[in-house]
Amino acid sequence: MAKKTIDPKLNTWYFLIVIIFLINYSGSAQGKKLVKPNQNTINYLNESSESFNQRMKWWRDDRFGMFIHWGVYAVPAGIYNNKEVKGNNGEWIMNNAQIPIKEYEKFARQFNPTKFDADTWAKIVKDAGMKYVVITSKHHDGFGLWDSKVSNYDVVDFAPYGKDILKALSKACKKQGIKFGLYYSIIDWHHPDAQAINAPNYNNWKDQKTNPNFASYLENYMKPQLKELIVNYDPEIIWFDGEWVPDFTHAQGQELYQYVRSLKPSILINNRVDKGRSGMQGMNKEDKKYVGDFGTPEQEILETTSTTDWESCMTMNDTWGYKKNDHHWKSSNVLIHNLIDVTAKGGNYLLNVGPTAEGLIPQPSINRLKQIGKWLKINGEAIYATEKLQNNYKQGDSIRFTKEKGKSVYFVITLNKPGKKIILKNLKPKTNSEIMLLGYDNPLEWNFNEKEGLKINIPLELLDTWNNESYAWTFKINGSEI
Ligand code: FHN
């Protein structure tokens, strides 16, 4: 049979198609998910619920993350001119002490966290049972914790430390399988086209002048910085904040959401990208169609369940950024009960640490994170990849319920030491199924009748094991909600 000869012209065409294919998809090979040519035309403001649920899945399953407020403000640590500065928030010292920009820059010239070790931090996150982190890439004071090419007011160009902190931490988190997220402040007290014009009363927005150049700051400074952050550190979340200033508008929020999603379509963006947040309660008002993938209650937990995704962010003491003299620490018991309450109501919990200027997470925070991690080692299945019950998330003040996602496995969590028996009205175990206390090997005696409901007997020898590090007990039930 005669040998088939391929037309040389066809060769050229094959060669060209292969080249085009390689150019187009080389970006994703490096895992940077660079924008493919037609991505910009996708309207991310109209996303199908299927795509939205797919994108939110990991976050909903992971439930528990670490918020990290770190930056120049850790240097004065709440003290200015040898006086304690009023106001809870150490990260607000530039505004609360009305420190002129040139003065505040002197603190940036001292920022040198030589004891910072990204792997140690990532280990602390992992051992606490936290699945993701959100660190302040830039807070209201405008100082960047990465090597920005858009500004020199950052840890590499302006501070003696001279190394890229986000690079180190994103790498360390990836090694530990921890999702990496970035907080970014829309307001900027240092930038002349933003809130620096109100110096030194940066946030007195009640009668503050809006900056006529704010749109330029947004277009020519904020967006290029966000692109740097997404391309260089591949975050899974952008956690915006500072959207309350009159300079920033609903339309700009929508455009910003589209811009960030177009850079990385799978990224999650909180609701502070827009103007919908109703104060510290953190959920969006319903007067307009606001963008943002989840609500952000701050220093509070929603009263009850919500149909939209939400994440409660909270300090362990009273400040987000490090303050030397803030010793008002919440107990491990309160923090664990908050995590349980948030989970039973279908939310996420973003618990904050404020590292010191040396680069250390304060010991009281580490102690509490260790306790939380110990409790999650035994009780994690009642928290991760769970969903809220149809009807009740609680019974009385001291019992909370969660359910394994997609399975008829229920978790009854007692926030205090139970009595000799627990009586439940809303759950019916499968016949002859076992009810277990997580961390305890022997199945518990139980009986159920339609009239009195479910009765679980707790043996005395078990009750006697309750101690001040028990915090909460989880009873696992195969059955159905009634
Ligand atoms: O002003 C900030 C504050 O410093 C801190 O970052 C919190 C964290 O959610 N958010 C703002 C106050 O709502």
Original post:
Based on the mean of other beta carbon atoms within 10 Å per residue, what is the order of 212-225, 60-73, most packed first?
Top reply: 60-73, 212-225
Subject >> Table column - 3J(HN,Hα) (Hz), region 466-476, Karplus curve with 6.51, -1.76, 1.60, x for Gly and Pro >> reply: 5, 9, 6, 10, 7, 6, 6, 10, 10, 9, 9
Subject >> Cβ-derived FRET efficiency at R0 25 Å, Glu84 paired with Thr304, nearest 0.05 >> reply: 0.05
**OP:** Show the residues, 5+ positions off or on another chain, whose built amide H is closer than 5 Å to the amide H of Thr386.
**Re:** Lys405
**OP:** When a/c is below 1.5 the answer is rounded, else prolate if a/b is larger than b/c, else oblate, so apply that to region 426-482 with a ≥ b ≥ c taken from the square roots of the Cα gyration tensor eigenvalues.
**Re:** prolate
**OP:** Taking all protein chains together and a probe of 1.4 Å, list Val156, Val353 from the most accessible to the least accessible.
**Re:** Val156, Val353
Subject >> 5 Å-binned pair-distance histogram of region 261-345 (Cα, whole percent) >> reply: 3, 13, 20, 19, 17, 14, 9, 4, 1
Original post:
Cβ under 15 Å from Ile482's Cβ, Ile482 left aside: what net charge do those residues give with Lys, Arg +1 and Asp, Glu -1?
Top reply: +3
Subject >> ³J(HN,Hα), Karplus 6.51/-1.76/1.60, whole Hz, each residue of region 233-248, x for Gly, Pro >> reply: 10, 6, x, 8, 9, 10, 10, 6, 7, x, 7, 6, 5, x, 4, 8
Original post:
So what's Rg/Rh here for the chain, counting alpha carbon atoms and using the Kirkwood radius for Rh?
Top reply: 1.04
**OP:** Would you kindly find the accessible area of Ser278, with a 1.4 Å probe and non-protein molecules such as ligands, DNA and RNA excluded, rounding to the nearest 10 Å²?
**Re:** 50 Å²
Subject >> Unsatisfied cross-links (Cα-Cα over 18 Å) in the set Lys57/Lys275; Lys126/Lys174; Lys421/Lys476 >> reply: Lys57/Lys275
**OP:** Quick one: divide the alpha-carbon radius of gyration of region 196-331 by 2.2 N^0.38 Å and tell me what you get.
**Re:** 1.16
Original post:
What accessible area per residue, rounded to a whole number of Å², is obtained for the chain using a probe radius of 1.4 Å?
Top reply: 45 Å²
Original post:
Cα convex hull of region 366-468: mean projected area in nm², to one decimal?
Top reply: 7.5 nm²
Subject >> Mean separation of Cα contacts under 8 Å, 6 or more apart, over the residue count of region 189-313: relative contact order % >> reply: 16 percent
Original post:
If you take all C-alpha pairs in region 113-152, what percent of them are over 15 Å apart?
Top reply: 57 percent
Subject >> Space enclosed by the convex hull of the alpha-carbon atoms of region 179-227, per residue, Å³ >> reply: 84 Å³
Original post:
For the chain, what does -39500 (n - 2.57) per DSSP helix run (n ≥ 4), summed and divided by total residues, give at 222 nm, in deg cm²/dmol to the nearest 500?
Top reply: -8500 deg cm²/dmol
Original post:
Hey, if we sort Lys57, Lys167, Lys476 by accessible area with the 1.4 Å probe, largest down, what's the order?
Top reply: Lys167, Lys57, Lys476
Original post:
Gap in Å between the Cα centre of region 340-366 and the Cα centre of region 223-295?
Top reply: 22 Å
Original post:
Tell me, what ³J(HN,Hα) does each residue in region 330-342 have, in order and in whole Hz, if you take phi through Karplus 6.51 cos²θ - 1.76 cosθ + 1.60 with θ = phi - 60° and put x for Gly and Pro?
Top reply: 6, 7, 4, 4, 5, 5, 5, 5, 4, 4, 5, 5, 4
Original post:
Rounded to the nearest 10 Å², what accessible area does Ser332 show when all protein chains are kept and the probe is 1.4 Å?
Top reply: 20 Å²
Original post:
Shape of region 336-375 from its Cα gyration tensor (a ≥ b ≥ c, root eigenvalues): rounded if a/c is under 1.5, otherwise prolate when a/b > b/c, or oblate?
Top reply: oblate
Subject >> Tyr440 accessible area, 1.4 Å probe, all protein chains in place, Å² to nearest 10 >> reply: 40 Å²
Original post:
Roughly to the nearest percent, how much of the accessible area of the chain is carbon and sulfur, given a 1.4 Å probe?
Top reply: 54 percent
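The values are calculated or read from the model by the stated rules, or taken from the named source; none is laboratory data. What you see is a predicted model; the values in this text were computed from it and never measured. Glycine gets a Cβ as well: all are built from the backbone with ideal geometry, and neighbour counts include every protein chain shown. Surface areas here come from the heavy atoms of the whole protein model, side chains and all, with no ligands, DNA or RNA. Shrake-Rupley method; radii C 1.70, N 1.55, O 1.52, S 1.80 Å.
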